[in-house]
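Take a look at the structure set out below.
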Amino acid sequence: MLAHALHDVLQQLGNAASAAHRPVPRLLAVSKTQAATAIAELAAAGQLAFGENYVQEAAGKQRALAESGSPRLPALEWHLIGHLQSNKAKDAATLFDWVQTVDRLSLVATLARHRPAARSPLNVLVQVNVDDEASKHGCRPEDVALLADAIAAEPRLRLRGLMVIPTPHADIEQRRPAFRRSRVLFDGLRHRHPQLDTLSMGMSDDCAIAVDEGATMVRVGTALFGARAAKT
Ligand SMILES: *Cc1c(COP(=O)(O)O)cnc(C)c1O
């Protein structure tokens, strides 16, 4: 069941990418509110990267998957895509492989300090508020360079790029300008940091437009797992 949905989503991404003459983006499966068993099912179908919004929720699922004792479960890659509170940064640095929501300087040192020495550096995206409107989260576009420089200077962190959540206009085409601005910002930042490879933007209903505008990673929940019981 989930394997079919995965196949469909990958096909849509492939179609959108080839229509735009762009590389096929990475798919992040957004598993918030979904059970660990659903994650295991998608993993068995080959999807290994999962996004969670809350540190504690991710911890619970990681524990459940470890205790399920399924020996063939492949190593999963965990991304934090929800707002990161300062008092959760220590846990985030150990539980996740990527933190996509770094939007202020104060998080940088904490994440770096608590990244375990035995692990590879924590992959980090700067979350940018490209619409500059309702959302309280994400740094201002003019502050991206400063934040990116601070992350890049930390050996225990690995700056990978930008993440954006544009204002969810009901008319999907109205989201396009924000995606386009994000790509311009990303390309500009790559002059300073040529190693950057990730622009995370686009969700279930607008990922084709995001790919058209140059997303390298899309974050998809509903189109994979079905509608969530409660909005988070
Ligand atoms: C929930 C969520 C998604 C996925 O949204 P869908 O519409 O279910 O695909 C993507 N990114 C973030 C930051 C989210 O919170």
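Here are the numbers for the structure shown:
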{"read-out": "Flag for residue 30 being open to solvent by less than 30 Å² (accessible area, probe 1.4 Å), within 16 Å of the ligand (Cβ to nearest atom), modelled with pLDDT of 95 or more and in contact with a helix residue (DSSP H, G or I) (Cβ under 6 Å, 6 or more places away or on another chain)", "value": "no"}
{"read-out": "Filter pass, residue 158 being free of Cβ contacts under 8 Å to residues at least 40 places away in the same chain and closer than 22 Å to residue 29 by Cα", "value": "yes"}
{"read-out": "Residue identified as more than 21 Å from residue 109 (Cα to Cα) and at pLDDT 95 or above among 176, 158", "value": "176"}
{"read-out": "Identity of the residue in the range 89-108, open to solvent by less than 50 Å² (accessible area, probe 1.4 Å) and in a helix (DSSP H, G or I), that ends up farthest from residue 146 (Cα to Cα)", "value": "95"}
{"read-out": "Single residue of the range 153-179 satisfying the filter (aliphatic (A, V, I, L, M) and outside any loop (DSSP other than H, G, I, E, B)) that is surrounded by the fewest Cβ atoms within 10 Å (Cβ to Cβ)", "value": "172"}
{"read-out": "Any hit, the range 58-76, residues being within 16 Å of the ligand (Cβ to nearest atom) and either of a type in the set (S, T, N, Q) or surrounded by fewer than 19 Cβ atoms within 10 Å (Cβ to Cβ) (or both)", "value": "no"}
{"read-out": "Pairs where the first residue, in the range 77-88, is open to solvent by 60 Å² or more (accessible area, probe 1.4 Å) and the second is assigned to a loop (DSSP other than H, G, I, E, B), C-beta under 7 Å, 6+ apart", "value": "83/137"}
{"read-out": "Residues being outside any loop (DSSP other than H, G, I, E, B), within 21 Å of residue 98 (Cβ to Cβ) and away from the ligand (no atom under 16 Å from the Cβ) - total across the range 188-219", "value": "3"}
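The values are calculated or read from the model by the stated rules, or taken from the named source; none is laboratory data. Treat the numbers as computed from the prediction; the structure is a model and nothing was measured. Cβ coordinates were reconstructed from backbone atoms using ideal geometry, including for glycine residues, and neighbour counts include every protein chain displayed. Side chains included, ligands, DNA and RNA excluded: accessible areas come from the protein's heavy atoms. Shrake-Rupley method; radii C 1.70, N 1.55, O 1.52, S 1.80 Å.
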